[in-house]
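Enquirer: Take a look at this one; I'll ask things after.
The values are calculated or read from the model by the stated rules, or taken from the named source; none is laboratory data. Everything numeric in this text was worked out from a predicted model, so none of it was measured. Positions of Cβ are backbone-derived with ideal geometry, glycine not excepted, and every protein chain shown enters the neighbour counts.
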Amino acid sequence: RVVGKPVVRGPRGWISVTPNSGMTTRETDYVNITLNTRQLLPGVYGEYVFFTSNGGDARVEVFLEVAAEQELRLLAVYVYQTGADYLFTTNPQAESSRLRVKGYKNLGVAFRLFSLGTPGTTEFFRWFNPVKGDHFYSSDPVGGGKPLQGYLFEGSIGNIATSRLTGTRELYRWYNPRTGCHFYTTNKG
């Protein structure tokens, strides 16, 4: 139950229950409650779903809060290269001395990530192996199964979508077995 906020009733058809009738021979049976939020303005909505059975009647409260859509804040991800290593960063100013000392060249904007806290996204982490001269990136904080011996954790560079969001493209990881280095791009080939 949502308390402390005004609750309004949703428009006709915003909530549906399937199946809407039936019989069960098991002790437990399930129903699906579907909420259609397409026409709902920001606010708190509530409704009761009634269940009738030979064991009695029940009234179940269903509440939903529709938040105002926030404007997505995208972060430009710049790519820098030295030798076979590619360093991706959303904050080149903070890394300028490292980039200059190690001789990285700015190749421009490679792709974009979301800012921290964007719904439907997760952090995108960076590691560096100073012996190989290779940067590795993953949305998994432990590397997604890649053995990370020799790699130093450098933190998050932004957030990446966990599913296909409107206007997004897939990010591909390429590996060069000759150099042992990784490259990331939105281009498939």
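Enquirer: Can you pull out every residue in region 68-127 that is part of a loop (DSSP other than H, G, I, E, B), within 18 Å of the chain's Cα centre (by Cα) and either farther than 25 Å from Gly144 by Cβ or of a type in the set (A, V, I, L, M, F, W, C) (or both)?
Expert: Initial filter on region 68-127 (part of a loop (DSSP other than H, G, I, E, B)): 68-73, 83-84, 90-95, 102-104, 115-120.
Adding the requirement that they be within 18 Å of the chain's Cα centre (by Cα) leaves 69-73, 90, 115-120.
Matches in region 68-127: Glu69, Gln70, Glu71, Leu72, Arg73, Leu116.
Enquirer: Right, next: Hey, any hits in region 118-130 for a residue that's surrounded by 12 or more Cβ atoms within 10 Å (Cβ to Cβ) and small (Gly, Ala, Ser)?
Expert: Taking every residue of region 118-130 in turn, at least one turns out to be surrounded by 12 or more Cβ atoms within 10 Å (Cβ to Cβ) and small (Gly, Ala, Ser).
Enquirer: Hey, among the residues in region 144-189 that are surrounded by fewer than 12 Cβ atoms within 10 Å (Cβ to Cβ), under 16 Å from Glu123 (Cα atoms) and touching a strand residue (DSSP E or B) at 6+ places or on another chain (Cβ under 8 Å), which one's modelled with the highest pLDDT?
Expert: Here is the first cut: in region 144-189, the residues surrounded by fewer than 12 Cβ atoms within 10 Å (Cβ to Cβ) are 145, 147, 149, 152, 155, 162-164, 166-167, 170, 176-178, 187-189.
Now narrow it down to the ones that are under 16 Å from Glu123 (Cα atoms): 155, 162-164, 170.
Among the residues that remain, those that are also touching a strand residue (DSSP E or B) at 6+ places or on another chain (Cβ under 8 Å) are: 155, 162.
Values: Gly155: 95, Thr162: 85.
Selected residue: Gly155.
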